[in-house]
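Structure first, then comments.
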Amino acid sequence: MANRRHLKRHSMPTAWPTFRKTETFVTRPKPGSMKRKYVVPVSVFLRDVLKVVYTTKEAKYVVHKEYVLINGKIAQDIKSPIGLLDVVEITKLGKKYSFVFDTKGRIKVIEVQDSNVYTKVTGKTLIKGGQVQINTLNGFNVLVDSKEAKKIDTDSTIIVDTKTKKISSTLPLAQKAQVYVMDGKYKGQFGVAKSFTHYNGVAPDLVELEIANETHLTAKEYCFVVDSKRRVD
């Protein structure tokens with residue numbers, strides 16, 4: 001029977017900076033809204049990415065002391081998933097971090113100064129009372145009125161204030177938008193949106209990006225709009 005509490009190291013995402021041959025297992029992240037390849041469990045983030053602890057036991061202690069916050073919420077355990085561009089606060093250090101993937105698919109840490117969560121809009125759901133739920137990539141869903149919902153398109157990025165739980169601003173996926181490519185051939189690169197090709201569901205929509213003075217096409221679903229506060233070059 002498969003071990004559901006752990007993950008064999010040879011099966012873990014290649015982005016995790018964890019040795020594969022020293023031990024058999026590694027912490028398996030809890031299921032969440034993001035695919036496993038876009039997340040890392042708290043224990044691996046603390047031990048192997050930030051290197052603020054040396055062992056999983058120390059990671060458990062830090063989490064038990066409630067020193068780790070993910071998007072403004074206290075991390076429940078070392079299996080809690082940290083996703084692409086989530087904000088991780090280590091209260092004991094007084095620092096906040098986020099991460100993207102570099103061009104080789106490895107985790108690249110960004111130290112951030114605010115607690116705003118950048119998340120990609122994946123859809124909208126009408127609920128009772130006339131409100132609309134904005135569904136997002138990392139599961140950080142927000143309720144807005146129908147008037148505000150009309151201004152927020154799928155595939156745009158919303159910036160959510162973790163204290164008020166409200167949208168502070170929206171970054172639309174439009175011409176001249178700064179885009180981070182989260183997957184595909186150009187994963188890990190930043191570019192500027194130039195034009196769009198829509199296939200109305202027959203095939204994936206495409207975005208023409210200018211990356212390092214060259215023009216490339218990538219799937220619209222891989223485009224994550226950011227600004228200078230979450231951009232790393």
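The values are calculated or read from the model by the stated rules, or taken from the named source; none is laboratory data. These numbers come from a predicted model, not from an experiment. Cβ sites come from the backbone with ideal geometry, for glycine too, and all protein chains shown count toward neighbours.
Tabulated results
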| read-out | value |
| --- | --- |
| Residue match in segment 91-104 (condition: of a type in the set (V, I, T) and surrounded by fewer than 15 Cβ atoms within 10 Å (Cβ to Cβ)) | yes |
| Every residue from segment 160-216 that is surrounded by fewer than 17 Cβ atoms within 10 Å (Cβ to Cβ), of a type in the set (F, W, Y) and in contact with a strand residue (DSSP E or B) (Cβ under 6 Å, 6 or more places away or on another chain) | F196 |
| Test: S156 is among the small types (G, A, S), surrounded by 14 or more Cβ atoms within 10 Å (Cβ to Cβ) and either out of contact with any strand residue (DSSP E or B) (no Cβ under 6 Å at 6 or more places or on another chain) or not assigned by TED's automatic domain parsing to the domain that holds P31 (or both) | yes |
